[in-house]
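The values are calculated or read from the model by the stated rules, or taken from the named source; none is laboratory data. None of the values given here were measured: they were computed from a predicted structure. Cβ placement follows ideal geometry from the backbone for every residue including glycine, while neighbour counts extend to all protein chains displayed.
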């Protein structure tokens, strides 16, 4: 059996004070170190916070400027779109005017070259075109040939002749064309007048002919009464 020897520690009265002092020193060092470290970390975090606030303010200013630039770009794009649409409409209008001028020039040439044109009032160049929606586009030219050519007032009347339910029916243009409110329609021209529109036929109506009459406003009887077959152009 191993014999255990007792350990004897000599007690010194100042030893406890040194121990307490050492502990206090360690605590103070830890306290000041922690305080120093905390102060340093706090200063660094504050600097970072200030830097982030400055950066955030810069980004906010950039965002505001970007939004303003975007608004100006959108406004400019809208203005450009409106200007482009206005230009497109003007071009369409000019094309239509050029087309009408071309038609008028052609009619003037025909009028000068056509020695067989009847004197007084007459209708020429009648045509019909079927539209995709089931309606029909019509066009005809009222002409006059007199010794003294001058601008005169003319009354025109147009009907579509056909059958419905096995009976002959005559339908006035005012019941077929939404743009024509009443007949006779008043025309004023010197050489010719181009007349056109769109008609919608009632269900079950079978068109056969179109009748057009022309008369001077001071006369009761028609000076021109012509019929045209209902033939569609390709």
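Details
- Taking (1) modelled with pLDDT of 90 or more; (2) loosely packed, with under 12 Cβ neighbours inside 10 Å in turn, residue 228 satisfies each apart from (2).
- Which listed residue is over 30 Å from residue 124 (Cβ atoms) and either at pLDDT below 75 or in the same structural domain as residue 139 (by TED's automatic domain parsing) (or both), from 108, 36: 36
- Checking every residue in the stretch 158-168 against the condition of being under 38 Å from the mean Cα position of the chain (by Cα) and without any contact (Cβ under 8 Å) to a residue 60 or more places away in the chain gives at least one match.
- Residues of the stretch 141-155 that are modelled with pLDDT under 90 and surrounded by 15 or more Cβ atoms within 10 Å (Cβ to Cβ): 141, 142, 143, 144, 145, 152, 154.
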